[in-house]
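FYI, it's all coordinate maths here, none of it is from the lab. As the structure is a prediction and not an experimental result, all values here were calculated from the model. Note that each Cβ is placed from the backbone with ideal geometry, even for glycine, and that neighbours are counted across all protein chains shown.
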Amino acid sequence: MNASTALAPRALYQEVADRLRQQIYSRALEPGSWIDEMKLAQAFGISRTPLREALKVLAVEGLVTMKLRRGAYVTEVSRDDVAQVYHLLALLESDAAATVAERAGDAQRMQLQQLHARLEKQVRQRDAFFAANEQFHTALLEIAGNRWARQIVDDLRKVMKLNRHHSLFKQGRLSDSLAEHRALMDAIEARDAERARALMRAHFEHGLEAAA
């Protein structure tokens, strides 16, 4: 990386964290790999101080594991880790789905319908489907209005991206996921809170089966 790509001084450690996060998601930094601070600092054109601050941010998010006297490593997720993350997401997002079905206004329902329509269009393009799917789930949580649940889910979804066997990678899972979203939208439109809760829980259960 040449000097022209060096990072700007504004909120430097946050910019470094953003870049490292993307390298982890893209597998440029592999799960379980040691993070060479000196090499990265030279590549980014920065000192090791903002790099270490960035690593602390990623450690809080669960993407990096700090090992005493050994440095920082990209976190590896086990099958148990994945199962636990899906369990928590199912609890939090099924509760959010029930809240939305019961309380969302017309404009909020329309917002979800528009996001769902984007999912329908992107089902043949996996990366675009991933992005639209995440936007839908984020909007659902925002409409539900529990900022603590939203914060926890944001962190859990970051950890999910470490999983090599993401549920949507499985053959046929995108179309199955879309069908589950359709059923969820029907429950929300019908203001059936308990059905929305059950469908969202099942959505994550099926996702975990596909990710195993």
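A few points about this structure:
- P(r) weight above 19 Å for segment 27-137, C-alpha pairs, percent: 65
- Relative to the longest principal axis of the Cα atoms of the chain, the long axis of helix 126-144 lies at roughly 70 degrees.
- Computed over segment 124-212, the P(r) tail beyond 15 angstrom holds 64 percent of alpha carbon pairs.
- Computed over the chain, relative contact order equals 25 percent, with contacts defined as Cα pairs under 8 Å that lie 6+ residues apart.
- 10 Å binning of all Cα-Cα separations within segment 64-118, expressed as whole percents from 0 upward: 19, 26, 23, 20, 10, 2
- Share of pairwise Cα separations in segment 87-158, more than 19 Å, in percent: 36
- In the chain the Cα-Cα distances spread across 10 Å bins starting at 0 as 8, 30, 30, 20, 10, 1 percent of all pairs.
- Sequence ranges 184-195, 41-52, 59-70, ranked by mean other-Cβ count within 10 angstrom, highest first: 184-195, 41-52, 59-70
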